[in-house]
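FYI, it's all coordinate maths here, none of it is from the lab. Here the structure is a predicted model, which means the values were calculated and not measured. Cβ sites come from the backbone with ideal geometry, for glycine too, and all protein chains shown count toward neighbours.
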Amino acid sequence: MEPTKFQVKVYTKTGEIELEKLVPVFHQWIREKKIPDELLIDVADYAHVPQGPGVVLIGHQSDYYLDVADDRPGLLYSRKRGFDGDFQAGIDDAFRRALLACKMLEEESGLDFEFETSEVLFRVQDRLHAPNEESTYEAYEPALRRATSIFFGDSASFERVGGPREPFAVRIKTGANASVDETLARA
Amino acid sequence: MTSWKEQLGDRIPEPLAGEVDLFEGQIELKKQGKLDDKIFAETRLRRGVYGQRYDNGLRDDGTGQKPLDFPCGDLTKGPDTVWDAPGMMRIKIPFGKMTADQLDVLSELAEENSDSILHVTTRQDIQLHFIHIEESPDMMRRLAAVGITTREACGNSVRNVTACEYAGVCTTQAFDVTPYANAITQYLLGHPDVQDFGRKFKIAFSGCEDNPCGLVTFHDLGAVAHVRDGKRGFRVVVGGGLGAVPVQAKVLAEFCPEEELLPLAQAVSRVFARLGEKQSRARARIKFLVQKVGIEEFKRLVAEEREGLRPDERWTAFLDDLHSTDEKPIREPGALPSDAPLGFQKWAKHNLKPQAQEGYYTAIVKLPLGDFTSTQGRALADLAREFTGDAMRCTVEQNLAFRWLSGADAVAFYQRLDALHMAEPGAGTITDMTSCPGTDTCKLGISASRGVTGELRKRLTLVEDQLDPAVQRLRMKASGCFNSCGQHHAADIGFTGVSRQVGGRKVPHFNVVLGGQWTENAKSYGLVVGAVPSKNIPKAVELITQHYLENREGDESFQAFIARVGKKEFRKVLAPIQKPPSYEEDPSYYSDWGDPREYGIGDIGVGECAGEIVPFVEFGLQEAEQQLHDAQDALEAGQAAAAAKGGFTAMVTAAKALVRHLEVQVKDDADDVVSNFRTHLYDTEIFHDPFAKGKFANYLLKMHGDKSFEDANEETAHRALDEAQLFLEAAHACYQRLTQAASAAAAE
């Protein structure tokens, strides 16, 4: 299994988000190279699309979305290419990068964002190698369990979600309620 | 399964499978430094793989241009185009027609390879952005498996053939143009006569003269359906175009009988390929050729070319089954309910149109800025499966049309759309603006056309119920630069991005263009009134519409009003908002809508709309080199017969390229190529080497005659490849001599 095309979404505590506020923040992240080990390229604004990808910070290796799909805003980390490590490390890294981005957004003074850690969505955008079916779940479940254990403790429960035409997705109830900062510190 | 190629297997039809394999091979060759930058750029463009803003590896972050340090280093995918930089894939949807299965796959690709957004263009394509070039072959395979090709979606080729989204269901059409648009699409796709253009070539069909959907008058070639004495045909126009200098197409044929449509298009293509400008891309569209020689001379040239065409059975074969493109409704017809909910009534007013077939309607799903998500795409595919069948069409106004909706299902359809947040009313009204990508992703964008369009949509949607019906009916369109992809010339109120220098800083502006006519196939273009700072465009719309409402005479249309009062009066109306405040007074004017960076034009790159001007012969010689390379690999793998055959094929390919360079029609089969090669290059001694004379040509002629490659052993295969190598060298030398001779003749 290739450790690419992983997505991790961490939801915001507030349901209403002023997406336009994200645009200058993401531009600033590019200008100041706020994520030092990633090449950040551009900002795509899809605030006009209901339940869409929101505002996207486009990078070379990864994209960072303030995604509003299902009317549930959240930070969606999406790895596209170029991970140098094994499968488990790839999953761990996706969780870590998503949480780090949440932390950075929480620290942006103009945003007033807060993320919750009780629920996370994990997806793989690779229908060839990870179709949304039980066998994929069986292959991913141990690594997901190890990753969630690192960040959230051992009481997480998993549910595979979506139909066969949708990407492989697992909704993770972490059983945790710590802040993003505490969650990262734990790992 | 480890690859899409294996997974899809024979679900990828030939020749698409072979074409994608070839493109994948060319990607590898480019990475190895074995393909020229310009040739590779035009190759990928002709596969729909397009450049995007910042792909030169530089981006202005608001404080100055900064390098984007992509990991690929010096590797490029065209002149000044960095390999790793994200690009756009343009996916041709001929006449906008899409099936549910196709929409599913498009939605998958948007999620896996792009940013989950599908964008409908003003020419009925679907575009996906932020694509890495190395992912494009698998994307093409997945598309091919559902009958979609990206071939010739960009580059100097025949672009997507467009047609009214109501074709076949329209109440005013002469007849359904769909089978004709389909026939011309299939016939010209990859046709040898359309491979050597100096610029792109756009074709559009319309079912009638009066309604707007086909917009043929601003196309390179347009066909409007007519019936004369009971016989089907088309009024054919040529040489239309937008851009900096919009031109109305001229009538090429008042009535072209249906059986003459394809040969006429082929003859026009051959004249364009032969006489069109090839050096200056700014003057290379066919409109400049028509202007240069005059329409009467152009008609004569086309008629002469038509006379000399070899008959092709495909010209008329499609006429035997004009119903092959018909759609079959999956639900019984029915009447609209008399007690429909208010929300439905508001939506249906502009988004639902009765079809010619009683009890059926076409529903327009209004897309904000032409965008929808992968999740919405799957849900829309489900709606098609449930209510309409495979009868979706992308529209030139960047929406989606669902045809064959039973009136009895209309409310349920609306409610399902509403649940998807896709039941926005007002299709075809002032809130339904179209826009090109502008500075969001286009290398040529000057101003943020999507930004200003988004802002206007937001503001107008809030007040649309209070707008006077005469204002509601207006169409607004925005282009980020003078290339006019937003089709602003044909709008009541159009905008085109320009930059102005104020107090030592740049300020984004839009030229305001008033009074363009969308109806009658975009019969007339608007007048440029003047440039307004981008941030004042909402105010400009308010002033323009207010002035119209207060000063119109009776039911005077907007176009008639503009024509009567002239642009001078509107200059006065806009004068108070044309000068931006100083930076110190209001710095917001110095950045564009949706982009907080201080505005600049340093990010404008070299557009790829024009493609790279690479003569067809160079593609042919390159293809021959590839075939010889593959043949050498086969020999190393111990496949002597395959190697020898490959060497022969490489010679035939090179010979065909040279024959075609002499403007001789030639088929793909080896016998025809060799026969023409003998007549036009060997007997005339054009191919002869100054020292070796006809020696290298004889390698081809002999191998064609004795078919020695059929029973080749390792030794004879080796010799065949040596001969093929020498033949290719001679072909390159011959091409150089021909080019030098042409240059010398031109200089004289």
| field | Lys, Arg +1 and Asp, Glu -1 on Cβ, resulting dipole of the protein assembly as shown about Cα centre, debye, nearest 20 | value | 2760 debye
| query | Across the Cα atoms of the range B:4-144, what radius of gyration and what greatest pairwise Cα-Cα distance (Dmax) are found, in Å? | reply | 15.8, 52
| task | Quick one: work out the % antiparallel among DSSP beta bridges in the range B:158-290, nearest 5. | result | 65 percent
| task | Just tell me which lysines come within less than 21 Å, Cα to Cα, of B:K328; anything on the same chain fewer than 8 places away is out. | result | B:K97, B:K353
| If r is the Cβ-Cβ distance from A:Q28 to B:S708 and R0 is 56 Å, what FRET efficiency results, to the nearest 0.05? | 0.20
| Given a cut-off of 54 Å, what percent of all Cα-Cα pairs of chain B lie beyond it? | 12 percent
| query | If all Cα-Cα distances of the range A:91-187 are sorted into 10 Å bins from 0 onward, what percent lands in each bin, rounded to whole numbers? | reply | 16, 45, 29, 10, 0
| Karplus 3J(HN,Hα) series, Hz, for the range B:265-272 with 6.51 cos²θ - 1.76 cosθ + 1.60 (x for Gly, Pro) | 4, 5, 5, 4, 4, 5, 5, 5
| query | Using 1/(1 + (r/R0)^6) with R0 = 45 angstrom and r between the beta carbons of B:E6 and B:D320, what's the FRET efficiency to the nearest 0.05? | reply | 0.75
| said: I need the semi-axes of the equivalent ellipsoid of chain A: take the C-alpha gyration tensor, multiply each eigenvalue by 5, square-root it, list largest first in whole angstrom. | reply: 24, 18, 17
| query | Between B:E553 and B:R571, how many nm apart are label points set 7 Å from Cα along the C-beta direction? | reply | 2.3 nm
| field | Positive-pole candidate from B:I562, B:I364, B:G638, dipole of the protein assembly as shown, charges at beta carbon | value | B:I562
| note | Taking GluC sites (Glu not before Pro) in a DSSP loop with at most 14 other Cβ atoms within 10 angstrom as exposed, one finds the longest site-free stretch of chain A at A:33-113
| request: For B:K287, list the lysines whose Cα falls under 21 Å from its own Cα; do not include residues on the same chain fewer than 8 positions away. | output: B:K200, B:K202, B:K250, B:K278, B:K299, B:K523
| query | What GluC sites (Glu not before Pro) does the range B:300-365 have in DSSP loop regions with at most 14 other beta carbons within 10 Å? | reply | B:E313, B:E358
| Pairs B:K66/B:K458; B:K31/B:K92; B:K458/B:K572: which are spaced more than 29 Å apart, C-alpha to C-alpha? | B:K66/B:K458
| field | Calculated on alpha-carbon atoms, Rg and Dmax of the range B:434-590 in Å | value | 15.1, 48
| remark: If amide H atoms are modeled at 1.01 Å from N in the peptide plane, then the residues at a separation of 5 or more from A:F168, or on another chain, having amide H under 5 Å from its own are A:V124, A:D126, A:N132
| note | Expected integer from the mean partner chain Cβ neighbour count at 10 Å over B:111-119 is 6
| remark: the range B:205-269: antiparallel bridges as % of DSSP beta bridges, rounded to 5, reads 90 percent
| Just how large is the dipole of the range B:26-148 about the Cα centre, in debye to the nearest 20, putting +1 at every Lys and Arg Cβ and -1 at every Asp and Glu Cβ? | 560 debye
| query | Between B:L462 and B:S675, what FRET efficiency follows from the Cβ-Cβ distance if R0 is 56 Å, with the result rounded to 0.05? | reply | 0.20
| From the cross-link list A:K9/B:K77; A:K13/B:K477; B:K30/B:K645, which pairs have alpha carbons spaced over 28 Å apart? | A:K9/B:K77; A:K13/B:K477
| query | To the nearest whole number, what is the average tally of beta carbon atoms from other chains within 10 Å of the beta carbons of peptide A:34-44? | reply | 4
| note | Ranking B:A100, B:M88, B:V120 by how far each Cα lies towards the positive end of the charge dipole of the range B:1-153 (+1 on Lys and Arg Cβ, -1 on Asp and Glu Cβ), the top one is B:V120
| message | Nothing charged except the Cβ atoms of Lys and Arg (+1) and of Asp and Glu (-1): what's the magnitude of the dipole of chain A about its Cα centre? Round to the nearest 20 debye. | response | 340 debye
| note | Expected integer from the mean partner chain Cβ neighbour count at 10 Å over A:122-132 is 3
| the protein assembly as shown: antiparallel DSSP beta bridges as a percent of all, rounded to 5 | 90 percent
| Which one of B:M703, B:A720, B:A491 is farthest out on the positive end of the charge dipole of chain B, using unit charges on Cβ (Lys, Arg +1; Asp, Glu -1) and the Cα centre as origin? | B:A491
| query | Rounded to the nearest 500 deg cm²/dmol, what is the calculated helix-only ellipticity per residue at 222 nm for the protein assembly as shown, with -39500 (n - 2.57) per DSSP H run of length n ≥ 4? | reply | -11500 deg cm²/dmol
| query | Within straight cross-link reach of B:K5, meaning Cα distance under 12 Å, which aspartates and glutamates are found once same-chain residues fewer than 8 apart are removed? | reply | B:D21, B:E24, B:D138
| Ratio of Rg to Rh for the protein assembly as shown, alpha carbon only, Kirkwood? | 0.98
| Between the range A:118-155 and the range B:361-384, how many Å separate their Cα centres? | 30 Å
